[in-house]
Amino acid sequence: MGWDGIGVEGKGNPERVAGGGGTGGPPPAPAVPPAPGRGSWNTPGTRGPACACVCTCVHVCGCARTCVLCGGSPLFQSTQAGLDYAHQHGIAILEKELAQLKLPDISGDTRVLRVGKVHYELSRLRLRDFHLPYSRITPVSNVGLQVSISNAFAELDGDWRVKLFFVRDHGSFNLKVENVYIKISLRLGSDTTGKPTISTSDCSASISKVRVLFSGKLGWLYNLFHKTIESRLRKILEVKVCDSVAKSVNKELQTYIQTLPVTAKIDNKTGIDYSLVAPPRATAQSLDADLKGEFYSLAKRFTVPFSPLPLAFPSDHERMVYFGASSYFFNTAGIAYQKAGALVFEITEAMIPKEAGFRLDTSVFSAFIPQLEEMYPNMPMKFRLSAPTAPFLTIGPGGISFQPIVDAQAYAILPNSSLVPLFLLSLTGNVSAVINERSGRIVGSLDVGRIRISLKDSAVGTFQVRMMQSIMNVFTSSTLLPRVNARLHEGFPLPLLDRIQLSNVLVKFHQNFLLLGADVHFQPLV
């Protein structure tokens, strides 16, 4: 099975891992450091490079089991534990549906030995309850899901009327249905929008024991041909049970699984495509579904210029569900932001904290570039950071890592507010990420190592850039990084069904992908 960028598996305690290593996606291209926090790098109020460089490194999707993934699509899977949990809630809904079965009136003629022809009518059949004490759900390869219910039982009341020659009478009866066996096959598919679909492909119900007790003056007469009545009621119930199952699946289950989002808008620049690329499929141990798993530019869709690498999903069933996100998936985010022109960020005087101890102007930088004070004395400055290429990250057992390469263009701001380019620096350094889940959202934070700088171009002559090392470190630690981490702390939503909450979250890193495991909790409507 192939994996683009996301997968999920079923059954944890929070665990964070940070660090580097791993491969996946295109050949190592330069990565861009994440953008500051309130917006895209060049648009206030949007998310930008934070997502492109790191926030993108944290998305996971689907519900999955353990398996080996290869090929192109991310994987959505559910383990037996996850299926069992969903099954419990499904059975509770089905019990309520069956308890509301509407049964038709029954009438007919029968001949009773030594009595003669009897006309009977059964009406106002009312189910008291319907219990499904034993049931199981199993994935069936190349079929879908199979639900088996055994030893179910029900009880209903009704009224009877009888006509024998010129004698008429009426009364009530009680019916007990026992040893009910139901087998339901569920077919899984997808619609044209990439949302999952579900329907009943087969249903059979068999009732091995039906007992009717009639009361009234002529109740004894009914009891003489109760087998005829029981046979008719058995057949009606068997048909009605399967009709109710189909109705419950189409009305309740199909409507509910359609709440799974297939796209999510991240900001005014990008979105994520979670759509199914093929119908879900069942294996002997799990339920799997291939997902698109790609970031895209809202302005224009693009073709990803590299293919996903095969992934070895671990055999781990400690949680109900597992979510996986590959380096391929994350790296499509960098391309999306690059295509959207969002990997630009400006540092101005107003963004420098007072405790930094310096101002962003030519008088400060003239200590390293003497000619700067002569050319542009005491003029404010600004830096514009941009990514020469789309960000690229790697995932390995040690965590998520970057080696960003960023162009930092310095400008002097003239009295008329026009900008004069001064010099262009190239920045690089090691970046690691910590990833976690909070309230159904993927959140994270970055840690940046020492920044290394080099001079790419200068309009003010040559100078020793190493003298600017401390200033660049301040820019990174006190200006850029806090904004990025503030944005990453907000996170972005996982594609979860309505009313699903995650708990006991576990985050682990593997070669080329991140694995998030969790237990799930369903909140029924009040």
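The number of residues in the stretch 122-156 being modelled with pLDDT of 90 or more and farther than 21 Å from Ala205 by Cα comes to 3. Applying the criterion of being of a type in the set (Gly, Ala, Ser) and not in a strand (DSSP E or B) to the residues of the stretch 384-403, the residue that is surrounded by the most Cβ atoms within 10 Å (Cβ to Cβ) is Ala387. Select, from Pro279, Pro308, the only residue that is outside any strand (DSSP E or B), of a type outside the set (A, V, I, L, M), touching a Pro at 6+ places or on another chain (Cβ under 9 Å) and buried (at least 23 other Cβ atoms within 10 Å of the Cβ). From the options Pro279, Pro308, the qualifying one is Pro308. The one condition from (1) out of contact with any helix residue (DSSP H, G or I) (no Cβ under 9 Å at 6 or more places or on another chain); (2) under 17 Å from Asp157 (Cβ atoms) that Lys240 does not meet is (1). Answer yes or no as to whether Val249 is in a helix (DSSP H, G or I) and more than 20 Å from Ser190 (Cα to Cα). Judged against the criteria, Val249 is not a match. Residues in the stretch 437-466 that are aliphatic (A, V, I, L, M) and part of a strand (DSSP E or B) were compared, and the one that is farthest from Pro370 (Cα to Cα) is Ile442. Can you pull out the residues in the stretch 198-223 that are modelled with pLDDT under 95, surrounded by fewer than 16 Cβ atoms within 10 Å (Cβ to Cβ) and not charged (D, E, K, R)? Those that are modelled with pLDDT under 95, surrounded by fewer than 16 Cβ atoms within 10 Å (Cβ to Cβ) and not charged (D, E, K, R): Ser199, Ser201, Ser208, Leu213, Ser215, Trp220, Asn223. Annotation for the stretch 282-299: at least one member residue is modelled with pLDDT of 85 or more and within 20 Å of Val143 (Cβ to Cβ). Count of the stretch 484-516 residues, restricted to those that are modelled with pLDDT of 85 or more and over 12 Å from the mean Cα position of the chain (by Cα), is 17. Does Ile229 count as surrounded by 18 or more Cβ atoms within 10 Å (Cβ to Cβ), in contact with a strand residue (DSSP E or B) (Cβ under 8 Å, 6 or more places away or on another chain), outside any strand (DSSP E or B) and outside the structural domain of Gly399 (by TED's automatic domain parsing)? Yes. Look at the stretch 493-519: where a residue is within 19 Å of Tyr85 (Cα to Cα) and a partner is hydroxyl-bearing (Ser, Thr, Tyr) and surrounded by 24 or more Cβ atoms within 10 Å (Cβ to Cβ), sitting 6+ places away or on another chain with Cβ atoms under 9 Å, you get Pro495/Tyr274; Leu506/Tyr322; Leu516/Tyr322; Gly517/Tyr322; Ala518/Tyr322. A single member of Asp447, Asp457 is under 34 Å from the mean Cα position of the chain (by Cα) and loosely packed, with under 15 Cβ neighbours inside 10 Å, and it is Asp447. Could you say whether any residue in the stretch 476-492 is of a type outside the set (Gly, Ala, Ser), under 30 Å from Ala86 (Cβ atoms) and either surrounded by fewer than 20 Cβ atoms within 10 Å (Cβ to Cβ) or outside the structural domain of Glu252 (by TED's automatic domain parsing) (or both)? Yes, the stretch 476-492 contains a residue that is of a type outside the set (Gly, Ala, Ser), under 30 Å from Ala86 (Cβ atoms) and either surrounded by fewer than 20 Cβ atoms within 10 Å (Cβ to Cβ) or outside the structural domain of Glu252 (by TED's automatic domain parsing) (or both).
Only one of the listed residues (Val420, Val434, Val406) is modelled with pLDDT under 95, assigned to a strand (DSSP E or B) and under 27 Å from Leu372 (Cβ atoms). That residue is Val406.
The values are calculated or read from the model by the stated rules, or taken from the named source; none is laboratory data. On a predicted model such as this, the values are computed, not experimentally measured, just so you know. Cβ: placed from backbone, ideal geometry, glycine included. Neighbour counts: every protein chain shown.
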